[in-house]
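The values are calculated or read from the model by the stated rules, or taken from the named source; none is laboratory data. Note that the structure is a prediction, hence the values are computed from the model and not measured. Backbone-built Cβ (ideal geometry, glycine too); neighbour counts: all protein chains shown.
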Amino acid sequence: MKKWNVIHTVFTFLFLATWAYFDLFKKLHSFYWLIFILTGFVLIFVGQIIIAILKKEESKAAIVGRSCVAVLFLFFLGYREIDRYKNYICDAQFGREFNKRRHRLGTPEIPSDWHVDWQGLRVVDWKAKDTMGHTGKNIGIDSTCAIMYENDEYKLKPINGKTRSISIATRYARGKRHDSVSYWYEPGIDTNRYITRHQADSIFAAENIKKDY
C-alpha cells in the first residue's frame, strides 16, 4: 500500500508541475495537450479512490461522496479546458491565415515576424518587435467565432516631445451590411481626429513607414 501511495504522490506532483509550467509559461493549447490534462486528472482522482478503497479506512458513503466530488471537479475542469481549447482554435482562425481577407478589404495585415502578446476570452493582441511604425493589432471575436473588429496602431516619430500615432479601426459587418475601415490621426496625448485613407497614406509615405495594407 505504501508503494502505491508513493507512486500516486510522485505522479500527482510531476503532473501538476508539468501542467502549471506549460500552462503558465508555454501557453499550450493543442488537442493532445487537452487530452493530457484530462487524462492526468482522471488518473489522479481514480488513484485516490482506489487507494481509499484498499485502505478500508473510510465508509462506503465517504468513498461515494469523494467520488461525486471528483466527478464534479473533473466536469468543471473538463468544461473549462475544452472551452479554452475551442477559444484558442477560434482565435487562431484570425491570425495570419486571415490576411487574405484583410488584403481584399484593404485593412492592415499581420506581418510574418509578429507574435501574440496577449490572448484572452475572444480577444487577441498581436505585437511587433519594432517600436515605430505598425506596432500592434487588437482583434475582437464574438461568441459564434465571428470576427467583430480590429484596431491597428501605428507609432510615428514624436515632434517637439509629443507622441503621435495613426489608428486604423476595422469593423466587420453582419448580414448584408458592408465592412468598414476608418483612420484616426493622434497628434498628441488625448487628442485625435478622423482622416481619410489618402491622408493616412500621405503621412506614412512622408515618414517612410510601411502600411501593411
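Sub-8 Å Cβ pairs linking a first residue in the range 191-204 that is assigned by TED's automatic domain parsing to the domain that holds His134 and within 14 Å of Val181 (Cα to Cα) to a second residue that is outside any helix (DSSP H, G or I) and hydrophobic (A, V, I, L, M, F, W, C), at least 6 apart or interchain, are Tyr194/Trp184; Ile195/Ile166; Ile195/Trp184; Arg197/Val181; Ala200/Ile166; Ala200/Ile168, ordered by first then second residue. Within the range 93-123, the set of residues being farther than 25 Å from His198 by Cβ and either in the same structural domain as Trp33 (by TED's automatic domain parsing) or more than 9 Å from the chain's Cα centre (by Cα) (or both) comprises Gln93, Phe94, Gly95, Arg96, Glu97, Phe98, Ser112, Asp113, Trp114, His115. Within the range 126-168, the set of residues being without any contact (Cβ under 8 Å) to a residue 40 or more places away in the chain, in a strand (DSSP E or B), of a type outside the set (Gly, Ala, Ser) and under 16 Å from Asp212 (Cβ atoms) comprises Trp126, Lys127, Thr135, Lys137, Asn138, Asn151, Glu153, Lys155, Ile166. The residues on offer are Thr39, Thr12, and the sole one that is assigned to a helix (DSSP H, G or I), loosely packed, with under 13 Cβ neighbours inside 10 Å and polar (S, T, N, Q) is Thr39. Of the listed requirements (1) at pLDDT 90 or above; (2) surrounded by fewer than 16 Cβ atoms within 10 Å (Cβ to Cβ), Phe45 misses just one: (2). Tallying residues that are farther than 15 Å from Lys86 by Cβ and assigned to a helix (DSSP H, G or I) within the range 15-36 yields 14.
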